[in-house]
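Heads up, the thing below is written out as structure tokens.
The values are calculated or read from the model by the stated rules, or taken from the named source; none is laboratory data. The structure presented is a predicted model; accordingly, all values stated were derived computationally and were not measured. Glycine also receives a Cβ, built like all others from the backbone with ideal geometry; neighbour counts cover every protein chain displayed. All accessible areas refer to the heavy atoms of the entire protein, side chains included, with ligands and DNA or RNA removed. Shrake-Rupley method; radii C 1.70, N 1.55, O 1.52, S 1.80 Å.
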Amino acid sequence: MPSGTWEKIETKTLTSSGALNFTSIPSTYTDIFITGQLRAAGGSYVENAWWQYNGDGGTNYGDMRAIAYSTSTYTNNNGTGETQNYFGAISGSTATSGLYTSICLMIHNYASTSHYRANQTSQIAYNYEANYRTGNWLNLSSAINRIEFNCGGGSGFAAGTTITLWGIKEAV
């Protein structure tokens with residue numbers, strides 16, 4: 001990859017439980033990449049985490065996943081009609097203390113209004129569940145300029161949860 005094509009845009013770290021949001025994503029990059037360490041504030045040892053674009057809670061998302069456990073694999077095509085995109089299971093409040101789930105999220109051509117935006121995620125949860133997902137946002141009228149992240153368990157993410165937004169100047 002050519003040097004200088006990735007730039008850190010912003011890092012968010014929670015000091016108390018709640019949701020995480022990037023609210024002013026510039027449209028000056030070809031793609032964006034998000035890395036993070038997530039943990040649910042409530043629930044059980046794993047909870048589902050998800051995100052929405054631009055406050056869109058409609059059935060405008062598609063999702064496919066492959067999950068690998070230490071002894072088996074599982075695939076599922078949720079198709080379209082979802083109300084958000086998913087990371088899948090992340091460490092919950094009863095997981096080992098201090099254990100956060102590492103995540104990666106790539107969003108291609110996020111500023112485009114001429115085609116649906118695709119994304120890929122990967123992460124491994126507390127129970128050794130590896131989630132690999134691909135999804136899309138079925139919206140042609142808006143560039144992605146805001147992303148809202150949340151999770152199950154009723155209290156959002158735990159304090160210490162961190163996400164970083166990166167801009168990619170040239171997709172190669």
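Scanning segment 140-150 for residues that are in contact (Cβ under 8 Å) with a residue 60 or more places away in the chain and either open to solvent by less than 10 Å² (accessible area, probe 1.4 Å) or over 13 Å from the mean Cα position of the chain (by Cα) (or both) yields Ser142, Ala143, Ile144, Asn145, Ile147, Phe149. Checked against the criteria, Tyr132 counts as under 17 Å from Gly36 (Cα atoms), in contact (Cβ under 8 Å) with a residue 24 or more places away in the chain and open to solvent by 60 Å² or more (accessible area, probe 1.4 Å).
Conditions tested, residue by residue: (1) without any contact (Cβ under 8 Å) to a residue 40 or more places away in the chain; (2) surrounded by fewer than 22 Cβ atoms within 10 Å (Cβ to Cβ); (3) touching a strand residue (DSSP E or B) at 6+ places or on another chain (Cβ under 6 Å).
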position	(1), (2), (3)
Gly88	no, no, yes
Tyr110	no, no, yes
Ala158	no, no, no
Ile168	no, yes, yes
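The residues in segment 48-66 that are outside any strand (DSSP E or B) and either open to solvent by less than 40 Å² (accessible area, probe 1.4 Å) or hydrophobic (A, V, I, L, M, F, W, C) (or both) can be counted, and the count is 3. Given the structure, is Asn119 open to solvent by less than 40 Å² (accessible area, probe 1.4 Å), at positive phi and modelled with pLDDT of 90 or more? No. In segment 5-47, which residues are closer than 23 Å to Ser112 by Cβ, open to solvent by 60 Å² or more (accessible area, probe 1.4 Å) and outside any strand (DSSP E or B)? If the condition is that a residue be closer than 23 Å to Ser112 by Cβ, open to solvent by 60 Å² or more (accessible area, probe 1.4 Å) and outside any strand (DSSP E or B), then Thr23, Ser24, Ser27, Thr28 are the ones that fit.
In the set Ser93, Ser114, Ser97, Ser102, only one residue is within 12 Å of Glu47 (Cβ to Cβ), surrounded by fewer than 20 Cβ atoms within 10 Å (Cβ to Cβ), out of contact with any His (no Cβ under 9 Å at 6 or more places or on another chain) and among the small types (Gly, Ala, Ser); that residue is Ser93.
Within segment 106-136, the residues that satisfy the criterion of being under 18 Å from Asn48 (Cβ atoms) and among the hydrophobic types (A, V, I, L, M, F, W, C) are Ile124, Ala125, Ala130.
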